[in-house]
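Visitor: My questions will all concern the structure given below.
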Amino acid sequence: MAKMHELLAKELRFSCDESILDFDTTAAVPRLEVMVGQERAVKAVEFGLFTKNHGYNIYISGLVGTGKMTYAKSAVHKVACGEAAAPDWCYVNNFENPAQPIALSLPAGFGSSFRQDVQALVDDLKNNIPKVFSSDDYEQAKAAFMKRFQDSRSVIMDAFNKQSEDIGILPQWTSTGFAGLPIQDGKPLTPEEFNLLDREKRDELEKKMLVVHDKALEAIHQVQQLERETREQIKGLDSKIGLFAVGHLIDDLIAKYQPYPKVVAYLDAVKHDVVKNINDFKPANQDEENNPLMMFKKSTTETVKEKYQVNLFVQNKESTAPVVVEINPTYYNLIGRVEYEARMGVVNTDFSMIKAGAIHRANGGYLIINMKDILMNMGAWEALKRVLKTGKISIENLGEQYGSLAMASLKPEPIPVNVKVILIGNAQLYHMAFNYDEDFRKLFKVFADFDTEMENNPANIRKMVGFVAATVEKEKLKHFDRGAVAKVVEYATRLSSSQTKLTTQFNDVVELLCEADTWATVEGSSLVQVGHIKKAIEEKRFRYNKYEEKLQTMFADGMLLVDTDGAKVGQVNGLAVLSVGEYMFGKPSRITANTYLGRSGVINIERETKMSGTSHSKGVMILSGYLGEKYAQRNPLTLTASLTFEQMYDGVDGDSASSTELYAILSSLAEAPIRQYIAVTGSVNQKGEVQPIGGATQKIEGFFEVCKIKGLTGTQGVMIPHQNVNNLTLNDEVVEAVEQGKFHIYPVKTIDEGIEILTGVAAGEIDADGKYAAGTIHHLVSTKLEQYTNTLIEMGKFADGEHGNTVKK
């Protein structure tokens, strides 16, 4: 039997060599200015930010705490600082179609000036126009038009009156119109006198009255035409006076904004609208002021102000390209909205109530969004894709898209968009979008995947130290001495679950630094030292290990059955990992196997009771392959073996116990007792090779705690796959126990090595005749299986082949 190989204490974790830390405290350490351990992702992001081709938006993937959001902000700001500022955007009134406001673009900073200029123009209009219309010249010109109108009207009416009298009808004008009275002997007839006339005379007078009535209508028409002409003349006078009063003011603005044709076109439209609606600038007359209904209407001043104001939609005050981080990417927060207000029970809106979204603010720059957040908001993801595909953004009411009734609303002019979008998410969301959304792969062609670990080498350790120093400065922590920093580096290897790696989930490292600083403050220390790091680790563990302690109490009370001494047939201590939130801990479990006569093969009790996951079921089925190759080359495998995790009631998954289960079967068949003080973890393949598993550190520590509870004997230990040696980052207590010979860790490569350690019996090697040496495990197993086969043959119940044909001796 080969000699058992046991790991030394120095092999159980990474110990940071303080000699490479050439400082006394972090006060002397240069601050880290670059991203640590993410070279591949950094290059991808830099490429995505550099290229301006369509569709090269960026998806940054990684686990929480890898610093992807922090890096994204930093990298984007760095690039944005070298780019020109984005333009301002304004929405203004469309005088021809107010339901479709016009979008105006101006260089950064000009939007505010333009708004102020237009406001000053409106103020000048409100001040200058009333003065002009209150002048004597205007009143005289208007009076001249009115006098000509009155004179012409008098001429028309006098001519009509003379014609009427000549015909014999006296004209009478009332509030309801014209009424003529017949004349006889130079006197108007009363209705009674008219009725006393003979028929022939009445008919003659009635005909004259009809003629006069027609001439009255003609006269009225001439007066109305004359009145219309006078109104137009006065209106023309008002326009001429108004243009004289404001034309030069608007022309000055037009000259100022001459380089911007669309702005010039708008100012020209303002000029025409002011002239067209010059009466809006005149003060209300007395009748309007006394009208009680006017209290429910906006004043003319308010109407003018709203009509000509400028809605500074997007204002870029910075001199560089904008960078927007949208933490709540709802549809309206991205696309913008048209707001409404209720006035006297009626909902109203106008161009001044158009509000910008994150895409508008990031236009010409960069927009950073969390992928999960945008997917959880209805309509937001489709809206973002639509903007990126079309290159323009239209503000639309979400209710119109998903509601059953169309709502009357504004349709602001779409704005062209040039924005680089950076999505932050995990790998699962990326692959889901890539596989199920054909637009995604066209729009987000750059994938930057942040790793959770980096190589453990002196260069990266120095970077980690620089990160610690930068965090101390950023969070205003106490400085760390060299020993404390070395302990932080060792903790980074534990987080990576590998002695050859350092974690890049820096959020966990920052938590340790902050908590260690707190304990240093509690103790009144001016520096953070090794003891404070250990205290922070222990206290954090204590905050999370309530359920671990409850399980340990159950082991101590004998409620959970696990032996840590002696030897038993068909019984092995397996190791599993449980997690509660972010806290993981190991839990030993008793695995038992019973073997007996039959042909059912390996029966997985967990699978039969539907408590086994697919990976665990696969691991158990592999055992049949191993047994078949090892023992059924010359004889059929006549065996029934039942396997189970004792006291496991919530299901089991994973194949890390498959080697443990195989040891239990071999022990049962060979009737060789297994040492209960050695726990086992590791999966196995059909060739009997032990394969690596996860959580080796937590599994070892979990069994050590149970052994400590039941009493350390100096023989206890754990058997692990040899590939997992570099994954060990054990705590101080376990390392000290191994160093003192109180606990042992055995790496194994094959089932043969493992069974020898567990039983103290040689596994055995097959000779040229296909036999194993007597007394070895494989010989004992083969002998037992031959006995099963012979018994079945003797009983006449051996099935021939797959068809169940009975072979009788």
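The values are calculated or read from the model by the stated rules, or taken from the named source; none is laboratory data. Because the structure is a prediction, the values reported are computed rather than measured. Neighbour counts run over all protein chains shown; Cβ positions are idealised from the backbone, glycine included. Remember, those area values only see protein heavy atoms, side chains included, never the ligands or the DNA or RNA. Shrake-Rupley method; radii C 1.70, N 1.55, O 1.52, S 1.80 Å.
Visitor: Sort out for me the strands (runs of 3 or more DSSP E) sitting completely within the stretch 305-407 that have 3 or more residues that are at pLDDT 85 or above.
Guide: So the answer is 311-314, 323-326, 366-370.
Visitor: Scan the stretch 374-397 residue by residue and report those that are of a type in the set (Asp, Glu) and closer than 21 Å to Glu339 by Cα.
Guide: Answer for the stretch 374-397, where residues must be of a type in the set (Asp, Glu) and closer than 21 Å to Glu339 by Cα: just Glu396.
Visitor: Can you name every residue in the stretch 749-777 that is modelled with pLDDT of 90 or more, in contact with a Phe, Trp or Tyr (Cβ under 9 Å, 6 or more places away or on another chain) and farther than 20 Å from Asn594 by Cβ?
Guide: Glu753, Gly754, Ile757
Visitor: Now a separate question. Can you name every residue in the stretch 594-626 that is modelled with pLDDT of 65 or more, in a helix (DSSP H, G or I), under 26 Å from Thr789 (Cα atoms) and open to solvent by 20 Å² or more (accessible area, probe 1.4 Å)?
Guide: Across the stretch 594-626, the qualifying residues are Met621, Ile622, Ser624, Gly625.
Visitor: How about the stretch 1-26: which of its residues are in a helix (DSSP H, G or I), modelled with pLDDT of 90 or more and open to solvent by less than 70 Å² (accessible area, probe 1.4 Å)?
Guide: Ala9, Glu11, Thr26, listed by residue number.
Visitor: Something else: Which pairs turn up if I take residues in the stretch 700-720 that are on the phi > 0 side of the Ramachandran plot and in contact (Cβ under 8 Å) with a residue 24 or more places away in the chain and look for partners that are surrounded by fewer than 24 Cβ atoms within 10 Å (Cβ to Cβ) and assigned to a loop (DSSP other than H, G, I, E, B) with beta carbon separation below 7 Å, at least 6 apart in sequence or on another chain?
Guide: That search, which allows pairs on different chains as well, returns Gly714/Gly741; Gly714/Lys742.
Visitor: Right, something else. When you scan the stretch 438-464, how many residues do you find that are open to solvent by 10 Å² or more (accessible area, probe 1.4 Å) and either free of Cβ contacts under 8 Å to residues at least 12 places away in the same chain or in a helix (DSSP H, G or I) (or both)?
Guide: 10
Visitor: Could you please find all residues in the stretch 77-96 being over 15 Å from Ile415 (Cβ atoms), open to solvent by less than 60 Å² (accessible area, probe 1.4 Å) and more than 29 Å from the chain's Cα centre (by Cα)?
Guide: Asn93, Phe95
Visitor: Please go through the stretch 210-261 and pick out each residue that is among the charged types (D, E, K, R), open to solvent by 90 Å² or more (accessible area, probe 1.4 Å), within 60 Å of the chain's Cα centre (by Cα) and at pLDDT 80 or above.
Guide: Asp252, Lys256 - these are the residues of the stretch 210-261 that are among the charged types (D, E, K, R), open to solvent by 90 Å² or more (accessible area, probe 1.4 Å), within 60 Å of the chain's Cα centre (by Cα) and at pLDDT 80 or above.
Visitor: Which condition breaks for Val122 when tested against (1) assigned to a helix (DSSP H, G or I); (2) modelled with pLDDT of 90 or more?
Guide: (2)
Visitor: Another one. For residues in the stretch 544-572 being open to solvent by 50 Å² or more (accessible area, probe 1.4 Å) and of a type in the set (D, E, K, R), which is farthest from Gly483 (Cα to Cα)?
Guide: Lys568
Visitor: Hey, another quick one. Glu39 - would you say it is in contact (Cβ under 8 Å) with a residue 12 or more places away in the chain and open to solvent by 10 Å² or more (accessible area, probe 1.4 Å)?
Guide: So Glu39 does not fit the description; no.
Visitor: Right, something else. Could you tell me whether any residue of the stretch 529-543 is outside any helix (DSSP H, G or I) and open to solvent by less than 50 Å² (accessible area, probe 1.4 Å)?
Guide: No, the stretch 529-543 contains no residue that is outside any helix (DSSP H, G or I) and open to solvent by less than 50 Å² (accessible area, probe 1.4 Å).
Condition check ((1) surrounded by fewer than 23 Cβ atoms within 10 Å (Cβ to Cβ); (2) touching a residue at least 24 places away in the same chain (Cβ under 8 Å); (3) touching a Ser or Thr at 6+ places or on another chain (Cβ under 9 Å); (4) among the acidic types (Asp, Glu)) across all residues:
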site: Leu637; (1), (2), (3), (4): yes, yes, yes, no
site: Leu643; (1), (2), (3), (4): no, yes, yes, no
site: Pro673; (1), (2), (3), (4): yes, yes, yes, no
site: Asp732; (1), (2), (3), (4): yes, yes, no, yes
site: His744; (1), (2), (3), (4): yes, yes, yes, no
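Yes or no, residue by residue, for (1) out of contact with any Leu (no Cβ under 6 Å at 6 or more places or on another chain); (2) assigned to a loop (DSSP other than H, G, I, E, B); (3) surrounded by 20 or more Cβ atoms within 10 Å (Cβ to Cβ):
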residue	(1), (2), (3)
Lys687	yes, yes, no
Gly694	yes, yes, no
Ala737	yes, no, yes
Gly754	yes, no, yes
Ile757	yes, no, yes
Ala763	yes, yes, yes
Thr783	yes, no, no
